[in-house]
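The values are calculated or read from the model by the stated rules, or taken from the named source; none is laboratory data. None of the values given here were measured: they were computed from a predicted structure. Cβ placement follows ideal geometry from the backbone for every residue including glycine, while neighbour counts extend to all protein chains displayed. For the accessible areas, the whole protein counts, side chains as well, though only heavy atoms, and no ligand, DNA or RNA atoms are used. Shrake-Rupley method; radii C 1.70, N 1.55, O 1.52, S 1.80 Å.
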Amino acid sequence: MNDEKNRPLFTGLPGTDGADLFSESGDTGVYQDIIMDSPTAIYVCDCASCELLYINSSARALCGLGEEDIHGRKCYEAFMHRDSPCSFCERGRLEPGVFYSRSYKSQITGRTFILTGKRLSWNGKDAHIEYVADDTARASALEALQKSSGSRSAFPPATGIFQATLISPAQ
């Protein structure tokens, strides 16, 4: 069931006993907007079937989905354009309450992503949530530094690459 903006309606936080945590304060729409409008791609999949249960606008943009219904779509179809589960899928390693992060370079786009996920109960289904952040700029800079120096060990252990973006308040 979706609201007027085609966002899934939450009856509480995933993994709770089903109590409606936001009904008294009326904050459900605010939380939905925060998650839906996040620059981080967020999606939830059923662990057994790989069916997408939730996908925010950034994840839709990442895999080229418009506003069409995701009902019945598999994560590997939407994100990887495959007709079977990915051989490198880590959903079996995910545990409830424990975040697992890994880097992935897409063979389709050439972009590098940091995927951070964990297992959870989503409306009674064994599912996993993934937060996907584009890491291409950092990965490319590190690769260029490694090529120019000949090896990663040329850098002291405390050396890191940081990217900062100044976001000015809306005017």
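Give all pairs with beta carbons closer than 8 Å in which a residue from the stretch 71-100 that is closer than 15 Å to Ser49 by Cβ meets a residue that is of a type in the set (Ser, Thr, Tyr) and in a loop (DSSP other than H, G, I, E, B); count only pairs at least 6 apart in sequence or on separate chains.
Qualifying pairs under 8 Å: Lys74/Ser49; Tyr76/Ser84.
Pull up the stretch 64-73, narrow it to residues that are touching a strand residue (DSSP E or B) at 6+ places or on another chain (Cβ under 8 Å) and within 25 Å of Pro39 (Cβ to Cβ), then point me to the one that is most open to solvent (accessible area, probe 1.4 Å).
Restricting to residues being touching a strand residue (DSSP E or B) at 6+ places or on another chain (Cβ under 8 Å) and within 25 Å of Pro39 (Cβ to Cβ), the top hit is Arg73.
Please identify the pairs in which a residue from the stretch 134-162 that is closer than 30 Å to Arg60 by Cα and among the small types (Gly, Ala, Ser) has its Cβ atom under 9 Å from the Cβ atom of a residue that is at pLDDT 55 or above and open to solvent by 60 Å² or more (accessible area, probe 1.4 Å), counting only partners at least 6 apart or on another chain.
Going by the 9 Å Cβ cut-off, the qualifying pairs are Ala139/Ser103; Ala139/Lys105; Ala139/Arg111.
For the stretch 93-113, does any single residue satisfy the condition of being basic (Lys, Arg), at pLDDT below 90, part of a helix (DSSP H, G or I) and within 21 Å of the chain's Cα centre (by Cα)?
yes
Could you go through the stretch 4-17 and let me know if any residue there is modelled with pLDDT of 75 or more, open to solvent by 40 Å² or more (accessible area, probe 1.4 Å) and not in a helix (DSSP H, G or I).
No: the stretch 4-17 contains no residue that is modelled with pLDDT of 75 or more, open to solvent by 40 Å² or more (accessible area, probe 1.4 Å) and not in a helix (DSSP H, G or I).
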